[in-house]
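As structure tokens, the structure follows; a few thoughts come after it.
The values are calculated or read from the model by the stated rules, or taken from the named source; none is laboratory data. Computed from a predicted structure; not experimentally measured. So basically every Cβ, Gly included, is an ideal-geometry build from the backbone, and we count neighbours across all protein chains shown. Remember, those area values only see protein heavy atoms, side chains included, never the ligands or the DNA or RNA. Shrake-Rupley method; radii C 1.70, N 1.55, O 1.52, S 1.80 Å.
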Amino acid sequence: MRHLVIKDLYVNRKYMSFVLLFLAAILVLKGSSAPMVLFGVGITSYGVLIRSCYYDDKDRGDIFLRTLPIKASTIVLSKYILGISVLFIVVAICLLFAILSGQNLDIYFASFAFSILAISIVYAIYLPIFFKYGYVKAATSQSVLFIIIMGASFGFKELINITNFPVPVNQLHRFLTPLINFINEISRSNIILLLTLSAVSLVILAVSAKLSIKFYDAGK
Amino acid sequence: MEDNILEIINLNKNYDKFKLCDINITLPRGYIMGFVGANGAGKTTTIKLIMNMIRRDSGKINVIGKDNIKYEIPIKNKTGYVGEQPVFYDDLTVGWTANFAGKFYSDWDGAAFNELLTRFGVDKTKKIKQLSKGMRMKTALAIALSHRPEFLILDEPTSGLDPVIRDELLDILMEFIQDERHGVFFSSHITSDIEKIADYVTLIDNGKIIFSEEKDKILNDWKLVKGDINKSDDYRDDLVGLKVSKTGFSGIVKDIDAFKACHDMSLLTIDKISLDDVLLHLAKKENQK
């Protein structure tokens with residue numbers, strides 16, 4: 001597993017160096033901030049994972065790996081571990097800058113929590129599609145997902161107004177209230193928020209990994 | 001130790017437009033088997049099934065005496081594989097690639113790998129994308145041989161290589177097989193390569209095994225019969241894969257004595273057969289069915 005992750009990091013060494021330098025430059029010039037954390041975590045970890053999948057597809061690295069004595073589950077799980085590893089690297093860098101610049105770390109924990117959850121959801125959707133349909137279709141599905149999310153976030157209210165959405169807003173509110181209460185509860189401490197959302201992310205990734213292993217095996 | 005390094009029993013694999021039907025192959029240790037067939041006959045599919053790179057529908061495959069699915073990892077640990085177009089990560093160097101692959105083998109021998117690279121004239125600092133097809137093949141072979149495998153599986157390794165490199169590759173296989181615990185399964189549509197080094201020959205056509213026998217037995221048993229074009233119809237039923245050209249006809253026959261007993265041989269010539277003749281005529285026969 002370790003060697004597969006190192007291989008993916010090595011294959012992406014130029015991209016990693018470029019993005020980390022870019023991140024460091026912004027951190028130095030503009031200082032560490034919560035939006036920077038979201039940007040850094042997102043662009044770096046998602047980018048490395050996507051590019052490692054791209055190289056597997058372009059160089060047919062998957063065929064090479066299948067000829068080696070490696071379990072299918074190890075090959076699949078290594079992509080998840082890669083994503084999580086890069087996530088940790090970027091979080092550590094951002095945290096280091098925040099400490100060095102003497103900022104209040106508590107705000108960062110909330111940013112980390114939501115970026116870890118967001119990236120985990122993206123991985124959890126992307127990787128099973130990649131292992132089932134390959135890089136091109138997985139990339140397409142990500143674009144579609146992105147458009148849906150953007151469309152939903154900008155146009156949801158307008159859609160309700162235009163179409164006279166049949167579900168009353170108060171009913172939707174009643175449905176979302178327990179979730180909002182839960183987030184409010186755990187948000188009282190940003191460390192608890194970080195731990196809770198990290199645990200939720202791990203559960204989501206575990207379910208996704210199980211699905212990916214099934215797809216990878218069936219893909220034989 | 002198991003006597004057979006490879007046993008394939010009633011193997012089946014169905015695709016929409018192609019199927020492998022009841023494949024049966026046995027290769028004892030200490031021998032090289034040539035796996036011959038036209039393009040699209042089912043060679044690569046069979047090899048991918050042996051390597052468990054694709055799932056079989058039914059049947060059994062034992063490699064080094066063990067089921068190839070249940071014992072996939074220990075089998076791959078003792079099997080060297082070289083594909084038709086060896087695939088690696090383009091941006092990695094030869095040395096990095098081998099070092100990476102070596103991490104997964106229990107018996108990886110880095111010194112042996114370096115020796116092989118020197119012998120093959122491959123620069124280990126070069127990136128994979130800078131290598132020619134021949135160099136890639138040699139790199140793949142060096143990796144396949146450096147973890148002390150017992151069994152080598154090669155899928156069309158000589159295809160597209162120049163004669164010098166092809167000959168070198170055949171020499172390496174001959175060296176490898178000097179250890180009688182080893183075995184080589186070697187697919188090709190270049191029958192001259194198979195004829196040069198194989199002990200056993202298996203012919204596959206359209207997903208079916210036509211024969212799987214000792215090479216010498218095939219070359220001794222089968223004969224090439226040639227004759228005048230006007231008489232070709234007289235022999236159509238008794239000759240396999242009858243081919244008619246402007247100058248005459250040719251066909252092959254397994255039991256030449258029985259054939260002689262039924263026909264006037266004064267108008268015919270009998271020639272020694274090559275594997276190419278067998279492949280061409282038997283494949284023609286299958287297509288006529």
**Message:** Testing the spin-label approximation: label points 7 Å from Cα along Cα→Cβ at residue B:99 and residue B:258. State their distance in nm.
**Reply:** 6.3 nm
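Could you grab the relative contact order for chain B? Cα pairs under 8 Å, six or more apart, rounded to a whole percent.
Normalised by residue count, the contact order of chain B is 21 percent.
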**Asked** With all protein chains present and a 1.4 Å probe, how do B:118, A:74, A:44, A:140 order by accessible area, largest first?
**Response** B:118, A:140, A:74, A:44
**Asked** When the Cα centres of the stretch B:140-167 and the stretch B:25-75 are compared, how far apart do they sit, in Å?
**Response** 17 Å
**Message:** What does the buried accessible surface come to for B and A, summed over both chains, with the probe at 1.4 Å? Round to 100 Å².
**Reply:** 2600 Å²
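I need to check one value: relative contact order of the stretch B:195-243, counting alpha carbon pairs closer than 8 Å and at least 6 residues apart, in percent.
This gives 23 percent for the stretch B:195-243.
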**Asked** Just from its helices, what would the mean residue ellipticity at 222 nm be for chain B, if runs of 4 or more DSSP H residues each count -39500 (n - 2.57) and the sum is divided by every residue, rounded to the nearest 500 deg cm²/dmol?
**Response** -10000 deg cm²/dmol
**Item:** Positive-pole candidate from A:126, B:128, A:97, dipole of the protein assembly as shown, charges at beta carbon
**Value:** A:97
**Asked** Quick one: Karplus J couplings for the stretch A:57-65, per residue in order, coefficients 6.51, -1.76, 1.60, θ = phi - 60°, nearest Hz, x for Gly and Pro?
**Response** 6, 5, 8, 6, x, 4, 5, 4, 5
**Prompt:** Of the chymotrypsin sites (Phe, Trp or Tyr not before Pro) in the stretch B:1-37, which ones lie in a loop per DSSP and count no more than 14 other C-beta atoms within 10 Å?
**Reply:** B:15, B:18
**Message:** Could you tell me the calculated FRET efficiency between residue A:200 and residue B:179, based on Cβ-Cβ distance and R0 = 41 angstrom, to the nearest 0.05?
**Reply:** 0.15
**Cβ charges +1 (Lys, Arg) and -1 (Asp, Glu), total dipole of the protein assembly as shown, debye** = 2020 debye
**Complete:** Here the net charge surrounding residue B:226, from other residues whose Cβ is less than 13 Å away from its Cβ (Lys, Arg +1; Asp, Glu -1), is +1
**Message:** As I understand it, the dipole of the protein assembly as shown uses +1 on the Cβ of Lys and Arg and -1 on the Cβ of Asp and Glu, about the Cα centre. Which of B:118, A:70, A:204 lies farthest toward its positive end?
**Reply:** A:204
**Message:** Suppose all protein chains stay in the model; what accessible area per residue would a 1.4 Å probe give for chain B, in Å²?
**Reply:** 45 Å²
**Fill in**
Counting only protein heavy atoms with a 1.4 Å probe and every protein chain in place, the carbon and sulfur fraction of the accessible surface of the protein assembly as shown in whole percent equals 59 percent
**Fill in**
Surrounding charge for residue B:132, neighbours by C-beta under 13 angstrom, Lys/Arg +1, Asp/Glu -1, total +4
**Prompt:** Can you list the residues of the stretch A:56-91 with backbone N under 19 Å from a point 7 Å past the Cα of residue A:105, pointing along Cα to Cβ?
**Reply:** A:87-91
**Complete:** Straight-line reach check, residue B:217, cutoff 16 Å on alpha carbons, 8 or more apart in-chain or any other chain, hits among aspartates and glutamates -> B:195, B:199, B:255, B:257, B:271, B:276, B:277
**Message:** How big is the dipole moment of the stretch B:71-114 about its Cα centre under a simple scheme where the beta carbon of each Lys and Arg is +1, that of each Asp and Glu is -1, and everything else is neutral? Debye, nearest 20, please.
**Reply:** 160 debye
**Item:** Proximal charge balance of residue B:272 [Cβ under 13 Å; K/R count +1, D/E count -1]
**Value:** -4
**Prompt:** Mind listing which trypsin sites (Lys or Arg not before Pro) in the stretch B:1-108 are in a DSSP loop and have 13 or fewer other Cβ atoms within 10 Å?
**Reply:** B:17, B:55, B:70
**Message:** Suppose R0 equals 45 Å. What FRET efficiency, 1/(1 + (r/R0)^6) with r the Cβ-Cβ distance, do residue B:118 and residue B:229 give to the nearest 0.05?
**Reply:** 0.20
**Message:** Heavy atoms of the protein only, probe of 1.4 Å, neighbouring chains included. What is the accessible area of residue B:238 in Å², nearest 10?
**Reply:** 70 Å²
**Request:** Please identify which residues in the stretch A:13-28 have an amide N closer than 17 Å to a label point set 7 Å out from the Cα of residue A:118, following the Cα→Cβ vector.
**Result:** A:23
**Prompt:** If R0 is 51 Å, what FRET efficiency do you get for residue A:26 and residue B:58 from their C-beta distance, rounded to 0.05?
**Reply:** 0.30
**Message:** Quick check for me: using +1 on Lys/Arg Cβ and -1 on Asp/Glu Cβ, what's the dipole size of chain B about its Cα centre, in debye to the nearest 20?
**Reply:** 980 debye
**Request:** First check a/c for the stretch A:62-148, with a ≥ b ≥ c the square roots of the eigenvalues of its C-alpha gyration tensor; if it is under 1.5, answer rounded, and if not, answer prolate when a/b is larger than b/c or oblate otherwise.
**Result:** oblate
